[in-house]
Each structure stands twice: as structure tokens, then as C-alpha cells.
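In what follows, a structure is listed as C-alpha cells, so that the remarks can point back to it.
A short reminder: the numbers here are calculations on the coordinates, not readings from a lab. Values in this document were obtained by computation on a predicted structure and should not be read as measured data. Here the Cβ is made from the backbone with ideal geometry for all residues, glycine too, and neighbour counts use every protein chain on show.
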Amino acid sequence: MQDFIVTVVFSFLWLVGSSAWAKGLSDVKEATDPKEVLLLMSACKQPSNKCMAVHSPVMSSLNTSVVFGFLNFILWAGNIWFVFKETGWHSSGQRYLSDPMEKHSSTYNQGGYNQDSYGSSGGYGQQASLGPSSDEFGQQSTGPTSFNNQI
């Protein structure tokens, strides 16, 4: 359970950290835009000086770091499911799902199977009764029996 909580916290921190870094990078790009910088320089405001940007800044490695930050968040968020499956919360949920099936199967009034009654007729060529007949369930046997949903 502690591992699950720690994983959720780290996943949330990766989301917050990646979002903050993306916003910070956006602000850095805006502040270092060559056109904006030229407008703020007092020397470039004089008509006798001609100012121009030689080249734009390279931000590809910074953009990549933001993408990897969000990919790391996705990795941690996906890991939450696998850690959740290891907790008691996941296993307790499946226990409640199996209870109605156990109650449902007991309403058929089936007796337990034991080795003495199974195949007691002996021999390989003879068929043994593997369960209650369809007459016990209020049905009439009209043809071949399907064993798909019998428990």
C-alpha cells in the first residue's frame, strides 16, 4: 500500500514538474525572442543604428526535455495500475465478485462430486453421469446437451 501511495505521489510530482517546466520554457522563449530583445535595447531605438538578429535561438533540446518530462509522467501514471494490482485493495475487490457466484451455484442443490461416484460404472466404453439431469432443473431433454455453461 505504501508503494502505491509513493507511486501516485511521484506521478503527480512529475505532472506538476513537467507542467511548470513547460510554462517556464515558454516564458524563456518569449523573453529571449530576438525581435523582442531588439525592441528593448536602447541602442537599437536610435535611427542611426541598424539592429537585426543574426539567427534565432536553438530551443530543440529544451523542447525535448519537456517532452521527456511528460513521457516520464505517463510512465509513472501507467505504473500506478501495476502497483495497484499488488495491493490488498485490488485483491479485496475480486473477493466480492466471487461471492455472488458461489451463492448462485449453491442454489442448484447439487451434491458434491467425489471419486467414488465419478466413473463408478467402470470401463472405458461406458458413459458416466457427470451432473444432474436436465429434468432436475425443470427442463425436458430434447436433444444433444451443451456443456458450455455448466459448472
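Taking θ as phi - 60°, what are the ³J(HN,Hα) couplings along the stretch 62-72 by the Karplus curve (6.51, -1.76, 1.60), each to the nearest whole Hz, with x for Gly and Pro?
Listing the rounded values in order: 6, 4, 5, 5, 5, 4, 5, x, 6, 5, 5 Hz.
What FRET efficiency comes out for the pair residue 49/residue 25, r = Cβ-Cβ distance, R0 = 41 Å, nearest 0.05? Spell out each step's value before the answer.
Working: r = 31 Å, r/R0 = 0.76.
With R0 = 41 Å, the Cβ-Cβ based efficiency is 0.85.
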